[in-house]
Each structure stands twice: as structure tokens, then as C-alpha cells.
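S.K.: Can you keep this structure in mind? I'll have questions shortly.
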Amino acid sequence: MDYTVKKLNQEEMGYIYKTYMVPDFPPGELKPLSHIVRSMEKGFGFALGFYAGENLIGYAVFIVCKETGCALLDYFAIVKERRGQGAGHETFGLLIRYFEEGLPEINGIYIEAEQVARAKNEKEQIIRERRIAFYQSCDCMMTRLESKLFGVEYSILYRQLGEKKVPPTWEAVDAIYRTMFKESHYNNSVTLVMK
């Protein structure tokens, strides 16, 4: 099936947030809609919708740090009724093409995945392992970077873009977090380490 990708406006983002993101993500992982809209207004955040005809298939939310030429894939999901049909790989390929063709100044995309070792039970562990395996099957590499954001602990993956092959760095992720969060939140609730 042919999918199309579209940059979302704030109204479309609000609809997707309330209709899909609230049920798709645990409350501890979900930023307030106002935070996402503020990043769009300030120009360092944007969102993409993936469609089959008029029907939403999935969505992705990004933070971009132009100073370091990197982005963070803040949220990525396929709508519930389309999961398990290969839409994840197809739409991830579309978002990579969107960056390479439309944002050639971005050298790589960072992805946070909840740490497998911190899972509360076996079911949660399996979900986290599958999520990481999905990104690795999309040519994302596990880095030595780990973060703790507002109590949630993440492993960080990285997908290089373009021909320059810029490697992942602590400094790039730190710059993204400093772009995303107010200084007080960064100082009190953000930890970034390289193992």
C-alpha cells in the first residue's frame, strides 16, 4: 500500500494527541500537549502524519537542534488497527526520506527507548525488547548513551542520515534536551550519561 507523509499543523497535532497519543503512551512518557505545541510555535519541534489515502496510519513527533544538526524522535506510533502489518517499517522509511530530502542539514536522529533492565515485569520487558529490535531493524544503532527524564530511564539509539556519517555524541543529545526543557526542569529532572 502507498503511504503519504504530511507535516502536521497545530490543530491536527491536537486531534492526534487527544485521539491517539493519550491511549498509545503511558502517562509518565507523555508530555502535555501544550509542551508539544510550544515546540512547534518556537520552531524546534514538528510532527508528521502518515496516511493511506485520507486515513491516518501513524504519526511521529520530533525535536530538532539546528546547532548540532541532529533531531530526536520524541514519539512514533502506528494506529492500533494498523499494527502488525508492516506499516511501522514503511512509515519509518518515509520519515527517513522526509529528513534526507527536506532537512539535509540534519545528520542523525536520536531515539529514546525505555531501558529493558528497568521493566517492571516480563510482559513489559518483552514490549521494550521488541521496540528496540524494531528500531535496530530500521538501521538504528544502540549507543552508549542513557538518559533519565522525569524518573523514566531510557537507552538511546541513533540513525545516521545522509552521506556525512556523523557519529552519535553526548553533546548532541545534551543540546537537544537543553532545547526541549526549561533550565529548571533540565537541572532537576534530566540526567544524561555515556556508559
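S.K.: Restricting the search to segment 173-188, which residues are crowded, with 16+ Cβ neighbours inside 10 Å and not in a helix (DSSP H, G or I)?
M.R.: Result: F181, single match.
S.K.: How do the pairs read when you match residues in segment 170-182 that are within 18 Å of S34 (Cβ to Cβ) with residues anywhere that are small (G, A, S), using Cβ under 8 Å and keeping only pairs 6 or more apart or on different chains?
M.R.: Listed by first residue and then by second, the contacts come to M180/S39; F181/S189.
S.K.: Could you pull out the residue among I96, I106 that is surrounded by fewer than 19 Cβ atoms within 10 Å (Cβ to Cβ), modelled with pLDDT of 95 or more and closer than 22 Å to L8 by Cα?
M.R.: Values: I106 fails: surrounded by fewer than 19 Cβ atoms within 10 Å (Cβ to Cβ).
It is I96.
Here's the yes/no breakdown for (1) in contact with a Gly (Cβ under 9 Å, 6 or more places away or on another chain); (2) among the aromatic types (F, W, Y); (3) in contact (Cβ under 8 Å) with a residue 12 or more places away in the chain:
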| site | (1), (2), (3) |
| --- | --- |
| K6 | yes, no, yes |
| E11 | no, no, no |
| I16 | yes, no, yes |
| T19 | no, no, no |
| G28 | yes, no, yes |
| K31 | no, no, yes |
| S34 | no, no, no |
| L56 | yes, no, yes |
| V61 | yes, no, yes |
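S.K.: Where residues in segment 48-57 are of a type in the set (A, V, I, L, M) and within 18 Å of P23 (Cα to Cα), which of them is surrounded by the fewest Cβ atoms within 10 Å (Cβ to Cβ)? Steps first, answer last, please.
M.R.: Here is the first cut: in segment 48-57, the residues of a type in the set (A, V, I, L, M) are 48, 52, 56-57.
Remaining after also requiring within 18 Å of P23 (Cα to Cα): 56-57.
Numbers: L56: 18, I57: 23.
Selected residue: L56.
Residue-by-condition table, conditions (1) part of a helix (DSSP H, G or I); (2) in contact with a Leu (Cβ under 8 Å, 6 or more places away or on another chain):
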{"residue": "I106", "(1), (2)": "no, yes"}
{"residue": "A117", "(1), (2)": "yes, no"}
{"residue": "K120", "(1), (2)": "no, no"}
{"residue": "K123", "(1), (2)": "yes, no"}
{"residue": "I126", "(1), (2)": "yes, no"}
{"residue": "R131", "(1), (2)": "yes, no"}
{"residue": "Y135", "(1), (2)": "yes, yes"}
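S.K.: Quick check on this structure: which one of R159, R118, R131 is under 29 Å from E183 (Cα atoms), among the basic types (K, R) and without any contact (Cβ under 8 Å) to a residue 40 or more places away in the chain? Lay out the reasoning, then the answer.
M.R.: On the way: R159 fails: without any contact (Cβ under 8 Å) to a residue 40 or more places away in the chain; R131 fails: under 29 Å from E183 (Cα atoms).
Going through R159, R118, R131 in turn, the sole match is R118.
S.K.: Same structure again: Given the structure, is G84 assigned to a loop (DSSP other than H, G, I, E, B) and within 26 Å of P27 (Cα to Cα)? If you could, list the steps in order and put the result at the bottom.
M.R.: On the way: assigned to a loop (DSSP other than H, G, I, E, B): yes; within 26 Å of P27 (Cα to Cα): yes.
Judged against the criteria, G84 is a match.
S.K.: Tell me which residues, restricted to segment 58-76, are buried (at least 21 other Cβ atoms within 10 Å of the Cβ) and either small (G, A, S) or part of a helix (DSSP H, G or I) (or both).
M.R.: Across segment 58-76, the qualifying residues are G58, A60, A71.
S.K.: Further question: Taking the condition crowded, with 16+ Cβ neighbours inside 10 Å and either out of contact with any Gly (no Cβ under 8 Å at 6 or more places or on another chain) or modelled with pLDDT of 95 or more (or both), does T191 pass? Write out each step before concluding.
M.R.: On the way: crowded, with 16+ Cβ neighbours inside 10 Å: no; either out of contact with any Gly (no Cβ under 8 Å at 6 or more places or on another chain) or modelled with pLDDT of 95 or more (or both): yes.
In short, no.
S.K.: So which residues in segment 155-172 are over 19 Å from L95 (Cβ atoms) and surrounded by 19 or more Cβ atoms within 10 Å (Cβ to Cβ)?
M.R.: S155
The values are calculated or read from the model by the stated rules, or taken from the named source; none is laboratory data. Since this is a predicted model, take the numbers as computed values, not measurements. Virtual Cβ from ideal backbone geometry, glycine too; neighbours counted across all protein chains shown.
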